[in-house]
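First comes the structure, then the notes that go with it.
Derivation of every value follows stated rules applied to the coordinates shown; laboratory data play no part. These figures come from a predicted structure and were not determined experimentally. Here Cβ is always computed from backbone atoms with ideal geometry, including for glycine, and neighbour counts include all displayed protein chains.
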Amino acid sequence: MRREYDVVLEGDSVVIVRDGVAIGRARWTGWRLVDRSVLSDEVAADEPEIYAVLEQRLAARAAGELEALAAAAYDADGIDRSLIRWMLGLSPRERLRVLDEHNRSMARLRGVDDR
């Protein structure tokens, strides 16, 4: 009988599910499942290979999400809408702080270039 494995993301934590039942937990680093723990006494002998398959599945899912975010970030004219959304999400005081930080950074760069 072929068992079906899946994962459910909860932040950077992952619940490992086999045939619809939670059998373990792990932490997803973006590349690997680490800090793995088993919740079920019935663990298949092929568990290490299953972790590799689940890691590949999670990595593919993350890559697809990143592609979708990147595609949505820019409009047809090449304008980065994510930066506009980020800036509009700040309060006026926070926007001024960001502007001041950028001005200070540019002043440091100009100081380095003048030498």
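Brief remarks follow.
- Volume of the Cα convex hull of the chain, divided per residue and given in Å³: 198
- Computed magnitude of the charge dipole of the chain (debye, nearest 20; Cβ of K, R +1, Cβ of D, E -1): 600
- Note on the stretch 5-73: Cα-only Rg and Dmax are 13.0, 45 Å.
- Residue 75/residue 34 FRET efficiency (R0 35 Å; Cβ-Cβ; nearest 0.05): 0.35
- Relative contact order, whole percent, for the chain stands at 12, derived from Cα pairs under 8 Å and 6 or more residues apart.
- Label-point gap, in nm, between residue 10 and residue 61 - each point 7 angstrom along Cα→Cβ: 1.4
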